[in-house]
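The values are calculated or read from the model by the stated rules, or taken from the named source; none is laboratory data. Given the structure is predicted, the values throughout are model-derived calculations rather than measurements. As a convention, Cβ positions derive from the backbone with ideal geometry for all residues, glycine included, and neighbour counts pool all protein chains shown. Note: accessible area is taken over every heavy atom of the protein model, side chains too, but ligands, DNA and RNA are not part of it. Shrake-Rupley method; radii C 1.70, N 1.55, O 1.52, S 1.80 Å.
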Amino acid sequence: MDWLALLAFALFGLVVGGYGTLIGAGGGFIIVPVLLLVLHWPHTDAVGTSLLVVTANALSGTASYWRQRRIDVRTGLQFAMATVPGAFIGSYIVNLLTGRVFNLIFGILLVAVSLYLMWRPEKRREHVRIERPAGPAGWGWTVRHMVDSRGEVHDFGFSKSWGIILSFFVGFMSSILGIGGGIIHVPALVTLFDFPAHIATATSHFILPFSTGTGTISQLFQGHVRLAPGLAMALGAIVGAQFGGALSHRVKGRWIVRGLAAALTLVGIRLIIG
């Protein structure tokens, strides 16, 4: 592979890293469709290489969000541990799928998530419930109080037990689709668990290296990671993640969610129609 091709991969990684960090999704939902639809890679190679890039992106983005003190570390570690077994199982299940089935599953998932984000009315943060709800919704209820580096206060409550179950599923899907899981985790944390959008994106990014790192190691042993383009994209993503993390201060939470929804819709439709 010549240096011009590697430079193009690095520039692509730069863009993916910046946007992926901004919305807390890692960028795999952009990388995999491009490798599939533009470069016509086998879906197994697209997934394995994407996981490598997303891991690098997530590590860099996490460093930026750590400085901003927007990561719910205690919750993130518990959710991250739940993603690991799911990611390991998913890394082997992906080999059983055909290319067309993979595209359909990926496309339908993207569109479903985006429609839910656009359909659901925005919830005003001052009316978010902190008290433990009755019934199964209150299982493992946890209340968090956070103050970020800018002095902004974030108070929210959620079911940690349901979050752990969700995280296992996120790890599983991230290894199957090579997307890192952020496109599932961020919408779920915001809409189902009442996380503030900025805390959801930062915490999701903190979780990503655990799930994608597990998937990457497994895919490396299976020979599904193309190292040269993967490392070039990873280097670009590391730089781009710093820009995305810095820009997140200036973008309102609702625009982060809407930007994610728009991107998911376009890519999902393209994958479904083939």
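Tell me whether segment 224-235 contains one or more residues that are more than 26 Å from L39 (Cβ to Cβ) and either within 14 Å of the chain's Cα centre (by Cα) or assigned to a helix (DSSP H, G or I) (or both).
Checking segment 224-235: not a single residue is more than 26 Å from L39 (Cβ to Cβ) and either within 14 Å of the chain's Cα centre (by Cα) or assigned to a helix (DSSP H, G or I) (or both).
Considering only segment 220-246, how many residues are touching a Ser or Thr at 6+ places or on another chain (Cβ under 6 Å) and at pLDDT below 90?
Of the residues in segment 220-246, 4 are touching a Ser or Thr at 6+ places or on another chain (Cβ under 6 Å) and at pLDDT below 90.
Looking at G48, G76, which one is surrounded by fewer than 24 Cβ atoms within 10 Å (Cβ to Cβ), among the small types (G, A, S) and assigned to a helix (DSSP H, G or I)? Can you show your working first?
Details: G48 fails: surrounded by fewer than 24 Cβ atoms within 10 Å (Cβ to Cβ).
Just a single option satisfies the conditions, and that option is G76.
Is segment 239-250 home to any residue that is hydroxyl-bearing (S, T, Y), open to solvent by less than 10 Å² (accessible area, probe 1.4 Å) and touching an Asp or Glu at 6+ places or on another chain (Cβ under 9 Å)?
No, every residue in segment 239-250 fails to be hydroxyl-bearing (S, T, Y), open to solvent by less than 10 Å² (accessible area, probe 1.4 Å) and touching an Asp or Glu at 6+ places or on another chain (Cβ under 9 Å).
Look through segment 140-168, keep the residues that are in a helix (DSSP H, G or I) and hydrophobic (A, V, I, L, M, F, W, C), and return whichever of them is farthest from the chain's Cα centre (by Cα). Reasoning before the result, please.
To start, the set of residues in segment 140-168 that are in a helix (DSSP H, G or I) comprises 160-168.
With hydrophobic (A, V, I, L, M, F, W, C) added as a condition, the list becomes 162, 164-166, 168.
Numbers: W162: 18, I164: 16, I165: 17, L166: 13, F168: 14 Å.
Here the residue is W162.
For a quick check of your reading of the model, give me the residue pairs whose first member lies in segment 209-238 and is farther than 16 Å from G90 by Cβ, whose second is outside any helix (DSSP H, G or I) and not small (G, A, S), with beta-carbon atoms closer than 7 Å and at least 6 apart or on different chains.
Pairs that qualify, where the first residue is farther than 16 Å from G90 by Cβ and the partner is outside any helix (DSSP H, G or I) and not small (G, A, S), are A228/M1; P229/M1.
Please state which one of L192, L177, L166 is closer than 27 Å to L36 by Cβ, of a type outside the set (D, E, K, R) and surrounded by fewer than 24 Cβ atoms within 10 Å (Cβ to Cβ).
Step by step, each of L192, L177, L166 is checked, and only L166 is closer than 27 Å to L36 by Cβ, of a type outside the set (D, E, K, R) and surrounded by fewer than 24 Cβ atoms within 10 Å (Cβ to Cβ).
Among the residues of segment 25-45, are any hydroxyl-bearing (S, T, Y) and more than 16 Å from the chain's Cα centre (by Cα)? Show your work before the answer.
If we filter segment 25-45 for residues that are hydroxyl-bearing (S, T, Y), which is where we start, we get 44.
The next check asks that each one be more than 16 Å from the chain's Cα centre (by Cα); those that pass are 44.
Taking every residue of segment 25-45 in turn, at least one turns out to be hydroxyl-bearing (S, T, Y) and more than 16 Å from the chain's Cα centre (by Cα).
Answer yes or no: is there a residue in segment 157-168 that is over 25 Å from Q68 (Cβ atoms) and in contact with a strand residue (DSSP E or B) (Cβ under 7 Å, 6 or more places away or on another chain).
yes
Suppose we filter V111, V101 for residues that are exposed (fewer than 14 other Cβ atoms within 10 Å of the Cβ), assigned to a helix (DSSP H, G or I) and either modelled with pLDDT under 90 or of a type in the set (G, A, S) (or both); which single one remains?
Only one candidate passes the filter, namely V101.
Counting just the residues of segment 114-134 that are at pLDDT 75 or above and in contact with a helix residue (DSSP H, G or I) (Cβ under 7 Å, 6 or more places away or on another chain), which one comes out least open to solvent (accessible area, probe 1.4 Å)?
S114
Tell me which residues, restricted to segment 79-98, are within 16 Å of the chain's Cα centre (by Cα) and either in a loop (DSSP other than H, G, I, E, B) or under 22 Å from V32 (Cβ atoms) (or both).
Residues of segment 79-98 within 16 Å of the chain's Cα centre (by Cα): 79-84, 86-87, 90.
Selection gives A80, T83, V84, G86, A87, G90.
Determine which member of the set L22, L104, L115, L37 is under 29 Å from M146 (Cβ atoms) and of a type outside the set (D, E).
L22
Which condition number does V15 fail, the rest of (1) open to solvent by 20 Å² or more (accessible area, probe 1.4 Å); (2) in contact with a helix residue (DSSP H, G or I) (Cβ under 6 Å, 6 or more places away or on another chain) being met?
That leaves (2) as the condition not met.
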